[in-house]
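Notes for the one structure printed next.
Every number here is computed from the coordinates shown, using simple stated rules; none is lab data. Quick caveat, the model's predicted, so the values are computed rather than measured. Please note: Cβ atoms are built from the backbone with ideal geometry, for glycine as well, and neighbour counts cover all protein chains shown.
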Amino acid sequence: MIGELTSLGTEQMEFAYEVVTKGTMLEGSRLIIESEKIEVHCGSCGYDGPVEMLISDYNEHSIPILSCPKCKGHVKVTAGQTCSVRNLRIVEV
């Protein structure tokens, strides 16, 4: 799982996986990447949930707005910073 705030791209991770598995028993195996959306908690109004995203006209990327979508207060990021392996499945052939 890769969080949207990690700045890690799917293509980067797939390339790195290919490099580190080359010449091992995992060569040719599949890497399935799931994305973790950004979520926040607002201490002011109690909001828990996703953030608003600003679409950049310049480069067509989405930029998270890290303030409360309801009251515009300060927030604590509660999801979206993960980079982890959730499971591993090995099948002998």
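Annotations for the structure displayed:
- Reducing segment 41-93 and segment 1-31 to their Cα centroids gives an inter-centroid distance of 22 Å.
- Around the Cα centre of segment 2-79, unit charges on the Cβ atoms of Lys, Arg, Asp and Glu (plus for the first two, minus for the last two) sum to a dipole of about 320 debye.
- Antiparallel DSSP beta bridges within the chain, percent to nearest 5: 85 percent
- The modelled label-to-label distance for the pair V19/K70, using points 7 Å beyond Cα in the direction of Cβ, is 4.4 nm.
- Loop-located trypsin sites (Lys or Arg not before Pro) in segment 9-93 (DSSP state not H, G, I, E or B) with no more than 15 neighbouring Cβ atoms inside 10 Å: K22, R30, K37, K70, K72, R86, R89.
- Taking every DSSP helix (H) stretch of at least 4 residues in the chain, weighting each as -39,500 (n - 2.57) and dividing the sum by the residue count yields a mean residue ellipticity at 222 nm of -4000 deg cm²/dmol.
- Label-point separation in nm, S84 to E34, each point 7 Å along Cα→Cβ: 1.1 nm
- Across the chain, counting alpha-carbon atoms alone, Rg and Dmax equal 17.6, 56 Å.
- Between amide H atoms placed 1.01 Å from N, distances below 5 Å from G49 occur with V40, all of them 5 or more places distant or on a separate chain.
- Top positive-direction residue, dipole computed over the chain with Cβ charges, set G28, Q12, V40: V40
- GluC sites (Glu not before Pro), loop per DSSP, at most 10 other Cβ atoms within 10 Å - longest free stretch of the chain: 61-91
- Residue of G28, G73, G43 that the Gaussian network model of the chain assigns the largest fluctuation, springs spanning Cα pairs under 10 Å: G28
- Residues of segment 74-93 with amide N under 16 Å of a point placed 7 Å along Cα→Cβ from C45: 74-76
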